[in-house]
Ligand SMILES: [Zn+2]
């Protein structure tokens, strides 16, 4: 193909954008019609790629991009329970990582599905680790979605939900609790209460010493 000055290509793409036909552009700029149609193809591909990249940067908080609220409630529970947001200088975007135990492959899939629903335009990766899998996404606006991120360990910080987060949790309380249940079990571990998972939904605290601990520190509801 004959080499054309980039300014001619730019002019052609501008004319095509304005709706001019390939043949008219070719005649006007004295360029073969095949070249114009190739430029049109390339320009569409580039614009399409940019569209995708732009979408993957859109934020449900800053840009009011639609958010799958039920999946977000679940993911918020997972994040507060066992998730981790890190920001390495060498990466442009922070990452959210959730670790899911191999004992519960169905929950690993549920977590991945929630990632895909909340971040539909971002790549989700799953890393196999010993006894567990990490599910991870890079997203520039993670701290908009999870403003609870901050220095130090989550359970040593004051965690408060923002108004819009509380609204979503109120709408989808069971999704939130399903995610959060891991926080419960991890925290039971740190205070020395022995527990076991009776099934996917129930955590059982049955040992007498553990029940006594719960009674002493939490007590009955009143
Ligand atoms: Zn944002």
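The values are calculated or read from the model by the stated rules, or taken from the named source; none is laboratory data. Keep in mind that what you see is a predicted model, and the values were worked out from it rather than measured. Counting neighbours? That spans all protein chains shown, and the Cβs are built from the backbone with ideal geometry, glycine included.
Could you give me the residue pairs with C-beta distances under 6 Å whose first residue belongs to region 94-113 and is farther than 25 Å from residue 140 by Cβ, whose second residue is surrounded by 14 or more Cβ atoms within 10 Å (Cβ to Cβ) wherever it lies, and which are 6+ apart or on separate chains? So the pair list comes out as 101/132; 102/132; 107/100; 108/100; 108/133.
Does region 51-61 hold any residues that are closer than 23 Å to residue 171 by Cβ and not in a loop (DSSP other than H, G, I, E, B), and which are they?
Residues satisfying the conditions do not exist here.
Evaluate the following for residue 113: is it under 15 Å from the mean Cα position of the chain (by Cα) and under 26 Å from residue 163 (Cα atoms)? Yes; evaluated as a whole, the condition is true for this residue.
If you go through region 101-115 and keep only what is closer than 12 Å to residue 75 by Cβ and buried (at least 17 other Cβ atoms within 10 Å of the Cβ), you end up with 110, 111, 112, 114, 115. Contact map, region 29-48: residues that are in contact (Cβ under 8 Å) with a residue 24 or more places away in the chain paired with residues that are in a loop (DSSP other than H, G, I, E, B) and surrounded by 15 or more Cβ atoms within 10 Å (Cβ to Cβ), Cβ distance under 8 Å, separation 6+ or inter-chain. Pairs shown: 31/4; 35/4. Only one of the numbered conditions (1) in the same structural domain as residue 138 (by TED's automatic domain parsing); (2) over 15 Å from residue 146 (Cβ atoms); (3) at pLDDT below 90; (4) not in a loop (DSSP other than H, G, I, E, B) is violated by residue 110, and that is (3). A residue that is assigned by TED's automatic domain parsing to the domain that holds residue 143, closer than 18 Å to residue 179 by Cβ and assigned to a strand (DSSP E or B) occurs nowhere in region 62-78. All of 76, 29 fail the test of being surrounded by 11 or more Cβ atoms within 10 Å (Cβ to Cβ) and under 24 Å from residue 164 (Cα atoms), apart from 76.
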